[in-house]
1. When only C-alpha pairs under 8 Å and at least 6 residues apart count, what is the relative contact order of segment 128-229, in percent?
2. Taking only protein heavy atoms into account and a 1.4 Å probe, give the accessible area per residue of segment 34-122 in Å².
3. Please give the length that would be gained between Asp29 and Ile15 if that part of the chain were fully extended, namely 0.36 nm times their separation in residues minus their C-alpha to C-alpha distance (nm, one decimal).
4. Give me the net charge for the shell around Gly16: Cβ to Cβ below 11 angstrom, other residues only, Lys and Arg +1, Asp and Glu -1.
5. State the percentage of accessible surface on the chain attributable to carbon and sulfur atoms; use a 1.4 Å probe and exclude ligands, DNA and RNA.
6. Sum up the charges of everything whose Cβ sits under 12 Å from the Cβ of Arg43, counting Lys and Arg as +1 and Asp and Glu as -1, but leave Arg43 out.
7. With a 1.4 Å probe and every protein chain left in place, tell me how much accessible area Asp40 has, in Å² to the nearest 10.
8. Using the Karplus equation 6.51 cos²θ - 1.76 cosθ + 1.60 (θ = phi - 60°), what ³J(HN,Hα) coupling, rounded to whole Hz, does each residue of segment 146-155 give in order, writing x for Gly and Pro?
Amino acid sequence: MTTKIFNVAIVGCGIGRSHMTQGYLNNEDRFRVVAVCDLDPVRLDAVADEFGIARRTTRFDDLLAMDDLDVIDICTPPAIHYGQIMASLAAGKHVICEKPLVGTLREIDAVMAAEKVAGKLLMPIFQYRYGNSVQKAKAIIDAGIAGRPYVGTAETYWQRLPEYYAVPWRGKWATELGGVLMTHAIHLHDMLSYLMSPPAAIFGRIATRVHDIEVEDCASATLELQSGALASLTATLGAREEISRLHLAFENVTFESSHGPYNPGEDPWRIVPRDAETAARIDALLDGWTPVPPRFAGQVRDFYDALTGEAPLPVTTADARAALELIAGFYHSHRTRQEVRFPIDTGHPTYEGWIPVPQPTSNA
Ligand SMILES: NC(=O)c1ccc[n+]([C@@H]2O[C@H](COP(=O)([O-])OP(=O)(O)OC[C@H]3O[C@@H](n4cnc5c(N)ncnc54)[C@H](O)[C@@H]3O)[C@@H](O)[C@H]2O)c1
């Protein structure tokens, strides 16, 4: 039985509204959203009225001064995250933050240091890790039943229409920090790392072929993973049929995810064992399986267990760092036409950022 209920403020009423409907309303015995914040007063009032939240503000700093607030849930555009995370930790708040966590590897290292000083928890959002099938696959792999990983593919075939880019922060390096890799495929690429191990090296190519935007909307790469497995990534925002698909070949089991673009962790996955003995081991492991809530419902529930000390954080800043490292390496490989090996640390050309620097035009 849960007892302590944590008070939450949501900042940013776009995807922040989904954190409310999927995350907090499914965990009402664990969290209470007591405040909302958005620069846009119309959007703020609409969400606050819909969920009957009395405390509403257009000034983020007001949240920092609320003594009864335990958690600040940051759902603002990407380039805003770093400042709001650092201020929240300094004010003694626990933090949840949307992807991408921050805009450079230097910033994420500063966030990791601030987390330690504050002694508070920071959970980056990677809600695609939640859902029954992805968690069953994780359990089979972690139990050693799947055996050695061989190869994997991650396909993010999504569609965005021109109207999507009417929102001013989207499509621009300075405010979106990247394109399909940063904003969309980041989820499936995190799932691949989660199930098969993080990347050790990448050859990547990007292109802007679908929209009239600064950032990439198509990408493809070949990876060597830390486990020794090989993987390929493909992503576009120009697909006529939207799917997300992971296809993972291990020694004893092949997994193919469901194709729902925004919930590929949910049933049904194809889980194909090599023989009857492997099938029996999987059946025994999954006998009496407790369903895992999908997306934000599952991740927010597990955050509670971390706050109360019953379980480790389900997604960590290190996971968010790995996701950003992959993207930094992707861009650097494309620009240099070279393989990039991980980790990316101080001294690497992308450690301070990956936003292209405009070249001065020559009059000569
Ligand atoms: N996990 C997911 O599946 C998922 C889905 C969509 C978006 N996102 C991420 O969530 C973040 C927000 O995306 P969105 O689509 O909701 O964007 P959005 O533009 O629809 O909403 C962002 C809101 O933040 C508000 N805002 C901006 N600056 C602010 C500030 N300084 N203080 C308070 N409010 C401020 C804006 O007024 C706006 O209402 C992005 O980082 C995006 O990548 C994640």
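The values are calculated or read from the model by the stated rules, or taken from the named source; none is laboratory data. In this text, all values refer to a predicted model and were calculated from it rather than measured experimentally. Cβ coordinates were reconstructed from backbone atoms using ideal geometry, including for glycine residues, and neighbour counts include every protein chain displayed. What goes into the accessible areas is simple: the full protein's heavy atoms, side chains included, and nothing from ligands, DNA or RNA. Shrake-Rupley method; radii C 1.70, N 1.55, O 1.52, S 1.80 Å.
1. Relative contact order comes out at 27 percent.
2. In whole numbers, segment 34-122 has 42 Å² accessible per residue.
3. 2.8 nm
4. Net of charged neighbours comes to -1.
5. The computed percentage sits at 53.
6. Result for the local shell: -3.
7. Accessible area of Asp40: about 70 Å².
8. With coefficients 6.51, -1.76 and 1.60, one gets 6, x, 6, x, 9, 9, x, 10, 10, 10 Hz.
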